[in-house]
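*Asks:* To start, I am sharing the structure in question, which I have written as structure tokens.
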Amino acid sequence: MGKEKSLADVLKAAPSVKEAAEILRRRQNIPELDTIEGLQQCNSQFSSIWAKLKDLWLRKNDHICAAVCVIWGHMAQDKILRSKLADQGVITLLVAELQRPSLRLVILRCLAVVTSHGGPTERRSVANKAGKAIVNLAAETDSNEPVFAWCITVLSHSSLADLFSASASHSVKKKGKGLDIDAAKLLDVMVRASKHRDQHIAGHAFHTVAILTETKAELVLKSQDAIQTLVGHLRSPDVIDRVNALRGFFLLFANNPPEPVTLDPQRLVHSASLAFKQNMHYKNEMEARGIETGVLFSILMSLRQSQSAFMKNVRDQDMLSLGKELYRLLMMSEWGIADGKWGDEHGRDVDIGLPYTSWFEALPHCIKALRNVNPQSEEAAVLEIKYNIKHRRFSTAHEIAKNWIDTVNVKNTYCYYALSIQPENDSDGLMYAKKGLRTNPGGYLLHGLLHNAMDIALYLAMDVLGDPSKTNWDSKKQLEYGMALFQSMFADSQKYLDLAPPDDRLYRAVVAKHMCLFVAIKGPTHVSPDLKELKPFVSRLAVVDSISTDIWGPVVQTTARATWDIIKAKYTTAASQFDPIFKQRANHGVHTHKDDHEQAVTPDGLESLVEDLCQKLDQPLLDTDEANWRTHLLSPRYDESSLILYTCSECGNPSAQTKKCGRCGGARYCDEKCQKAAWKQHRTVCMAGPLVVAQPRKEEGKD
């Protein structure tokens with residue numbers, strides 16, 4: 001009788017690592033790992049199973065370690081077992097052997113299971129314990145090697161922990177928090193991987209680059225390759241890539257200053273004189289539009305009339321008359337109430353017998369006089385709202401405005417405008433801005449509502465697409481809602497540019513924002529490498545810059561302006577570099593998120609992931625089932641037709657909580673007020689169609 005083979009020899013003779021792992025499982029009396037009952041038994045016997053497998057691992061035999069690694073990968077499909085394995089130090093054991101070439105693939109695949117299906121705790125643990133080693137390994141490995149692909153998969157999943165720890169501040173990690181990873185080297189690796197021929201690898205890598213724009217902004221800004229990669233992904237056929245690239249730029253420049261909001265009347269009068277006389281752009285624009293349509297004209301007229309009203313009040317001390325006039329001027333211009341006071345030539349206050357010194361402090365007295373005549377005075381309500389906004393008491397202003405539209409006048413435009421300024425809840429603020437636009441506003445109220453709607457939609461989109469912890473939705477719903485918000489911004493920016501006068505204080509910032517959105521949303525199908533489709537907007541921006549510089553001051557590098565300047569400078573070069581990459585992926589039949597009506601991706605299940613852990617140890621390349629080993633992308637496919645699910649049929653508000661018409665199911669509304677407002681027009685269509693039987697509601701906002 002021959003000598004009995006050792007365990008190592010038996011496993012070496014197995015046709016594949018998968019079969020070797022099965023042999024080892026049976027020899028060690030470990031329960032089956034592909035059934036619920038077996039995993040439950042593993043939970044109850046975990047201590048003894050762990051002791052056996054750890055002892056085998058410490059023998060440091062390649063074939064035994066590979067089989068143990070596959071078993072650990074199977075166990076990691078169970079949440080409780082995965083947590084127990086992490087607590088016992090399995091990640092440390094795996095990382096210690098990562099430099100052994102014969103075990104790299106199977107170890108990386110095991111870590112991929114943990115990070116792909118684990119939560120923040122497991123991901124952060126892998127990042128802290130294995131991140132540095134994997135980043136170094138990826139940096140030393142050719143991009144075409146399977147080991148490189150698995151390094152990217154593990155790193156991209158584990159880097160999500162960085163988002164959870166730093167998203168609140170958008171800053172570089174604090175001491176004792178974040179990831180123990182060389183961020184510069186990680187960025188370099190991910191930038192290289194984002195150009196990979198395989199969309200799945202590149203998708204994971206670019207997602208990580210996008211995360212780093214939030215958590216390591218200064219580092220990304222210093223890397224020309226990273227900036228070029230972000231611009232290059234604005235050429236992606238995948239609209240999600242393009243929006244994430246734009247979101248990345250907005251994060252990089254999130255701390256840039258906004259357009260100034262203060263008004264210096266003396267400087268404005270001087271600027272107006274120069275603009276009228278010397279700026280031919282302004283002269284030509286105003287002659288074409290009509291001088292009375294300009295913001296500068298309305299401000300100067302309202303300031304002049306406001307001063308006259310206060311001088312008249314000195315003579316007659318009629319607070320009722322002053323209140324009515326100030327209300328009229330406030331409807332004319334945002335700066336309709338002059339911010340002056342009674343004083344002498346030395347700037348000292350002067351008592352002239354009125355109950356106020358500062359002109360704005362006349363408002364409480366005007367409000368009282370108006371309400372003495374009419375307790376439900378709309379002029380008084382609007383002036384009270386303005387007074388509280390002036391003193392930055394936004395919650396009080398919102399309470400007054402909301403009460404007015406709820407109980408008195410649902411179509412008061414100024415109330416909706418006030419509710420869209422510094423809203424406590426961005427979703428509500430956006431809803432009020434959209435509802436305000438349905439009241440047929442004009443002048444600065446129209447332009448202000450459009451601008452506020454754009455700004456709030458941007459804040460919401462940045463959060464929804466960036467931090468999964470802020471909602472309880474599935475990733476598909478988050479993606480669709482985020483895209484609906486970007487589409488809303490794009491539509492509002494176009495409307496703003498069509499309607500606002502060129503001397504509006506915010507016009508130049510909106511032009512820049514619109515061009516950025518145009519590139520991201522339209523994509524390479526509608527945007528040429530030389531940006532020729534945007535030349536009308538570029539010319540418009542040059543004209544507006546000339547006008548605004550004379551009136552409002554030098555060009556401000558706002559978030560959108562800084563983003564556009566980079567896109568304009570690098571877009572053509574990025575197109576020449578990245579267009580061939582995207583074309584190559586398409587020619588190889590790699591699927592991307594097209595801008596068409598596609599079904600949602602079903603992420604690769606854990607079963608296929610674990611199945612792919614089981615490769616023959618001495619094979620230099622992956623098996624023929626390579627198409628199945630990739631972990632799922634971090635977001636589902638985007639279906640543009642889903643936008644209707646997140647848009648109110650009445651006011652156009654993008655909301656994740658729209659509810660469909662209970663009768664026809666064809667229209668969706670953000671609340672009962674919009675449904676009632678739309679009924680007169682919707683009724684004919686609704687009543688003509690078949691009755692839809694409502695299904696039991698499973699959660700808020702769904703029928």
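The values are calculated or read from the model by the stated rules, or taken from the named source; none is laboratory data. These numbers come from a predicted model, not from an experiment. Neighbour counts run over all protein chains shown; Cβ positions are idealised from the backbone, glycine included. Please note that ligands, DNA and RNA were not included when accessible areas were found on the heavy atoms of the full protein model with its side chains. Shrake-Rupley method; radii C 1.70, N 1.55, O 1.52, S 1.80 Å.
*Asks:* Leaving out ligands and nucleic acids, note down the accessible area per residue over segment 1-109 with a 1.4 angstrom probe, in whole Å².
*Replies:* Using a 1.4 Å probe on heavy atoms only, each residue of segment 1-109 averages 50 Å².
*Asks:* Another question, then. In Å, what Kirkwood hydrodynamic radius results for segment 458-555 from the alpha-carbon pair distances?
*Replies:* For segment 458-555, inverting the mean 1/r across all distinct Cα pairs yields 15.1 Å.
*Asks:* Quick one: give the max-minus-min coordinate of the C-alpha atoms of segment 75-159 along each principal axis, largest first, in Å.
*Replies:* That gives 36, 21, 19 Å along the principal axes, largest extent first.
*Asks:* Which value, in nm² and rounded to one decimal, describes the direction-averaged projected area of the C-alpha convex hull of segment 511-560?
*Replies:* 3.6 nm²
*Asks:* If you take all C-alpha pairs in segment 1-144, what percent of them are over 28 Å apart?
*Replies:* Every Cα pair in segment 1-144 considered, those over 28 Å come to 18 percent.
*Asks:* About the Cα centre of segment 338-422, what is the dipole size in debye to 20, counting +1 per Lys and Arg Cβ and -1 per Asp and Glu Cβ, all else neutral?
*Replies:* 320 debye
*Asks:* With each pseudo-label sitting 7 Å past Cα toward Cβ, what's the Asp530-Ala184 distance in nm, one decimal?
*Replies:* 3.9 nm
*Asks:* Within 10 Å, count the other beta carbons around each residue, average over each peptide in 48-61, 441-454, and list them highest first.
*Replies:* Output ranking for 48-61, 441-454: 441-454, 48-61.
*Asks:* Can you tell me, using C-alpha contacts under 8 Å and at least 6 residues apart, the relative contact order of segment 469-573 as a whole percent?
*Replies:* 31 percent
*Asks:* May I pose another question? Hey, rough spin-label estimate for Gln317 and Leu219, points 7 angstrom out along Cα→Cβ, what's it come to in nanometres?
*Replies:* 6.9 nm
*Asks:* Just need the Rg to Rh number for segment 385-520, please, alpha carbons only, Kirkwood Rh.
*Replies:* We get a ratio of 0.99 for segment 385-520.
*Asks:* Take every Cα-Cα pair in segment 199-247 and report what % of them are more than 18 Å apart.
*Replies:* Every Cα pair in segment 199-247 considered, those over 18 Å come to 19 percent.
*Asks:* So how much accessible area does Leu251 have, in Å² to the nearest 10, using a 1.4 Å probe?
*Replies:* Roll a 1.4 Å probe over it and Leu251 shows about 20 Å².
*Asks:* Given the pairs Lys434/Lys495; Lys402/Lys434; Lys435/Lys676; Lys513/Lys535; Lys386/Lys676; Lys411/Lys673, which span a C-alpha to C-alpha distance of over 20 angstrom in this model?
*Replies:* Lys386/Lys676
*Asks:* How big is the dipole moment of segment 251-384 about its Cα centre under a simple scheme where the beta carbon of each Lys and Arg is +1, that of each Asp and Glu is -1, and everything else is neutral? Debye, nearest 20, please.
*Replies:* I would put it at about 240 debye.
*Asks:* How large is the Kirkwood hydrodynamic radius of segment 240-376, in angstrom, based on all distinct alpha carbon pairs?
*Replies:* About 18.2 Å, per the Kirkwood formula over Cα pairs.
*Asks:* Can you tell me the order of 188-200, 35-47 when each peptide is scored by its average per-residue count of other Cβ atoms within 10 angstrom, highest first?
*Replies:* By packing density, highest mean first, the sequence is 188-200, 35-47.
*Asks:* Want the number for Ile80 to Lys676: 0.36 nm per residue separation, take away the alpha-carbon distance, what's left?
*Replies:* 209.5 nm
*Asks:* Let me ask you something else. Placing +1 on the Cβ of each Lys and Arg and -1 on the Cβ of each Asp and Glu in segment 274-334, which of Met311, Leu322, Tyr282 has its Cα farthest towards the positive end of the resulting dipole?
*Replies:* Of Met311, Leu322, Tyr282, it is Met311.
*Asks:* If ligands, DNA and RNA are left out, what is the accessible area of Ser488 with a 1.4 Å probe, given in Å² to the nearest 10?
*Replies:* 10 Å²
*Asks:* Which order do the peptides 67-80, 115-128, 213-226, 312-325 take when ranked by the mean count of other beta-carbon atoms within 10 Å per residue, highest first?
*Replies:* Ranked by mean Cβ neighbours within 10 Å, highest first: 67-80, 115-128, 213-226, 312-325.
*Asks:* Sticking with this structure for a sec: Roughly how far apart, in whole Å, are the Cα centres of segment 384-410 and segment 107-123?
*Replies:* Between the Cα centres of segment 384-410 and segment 107-123 lies a distance of 50 Å.
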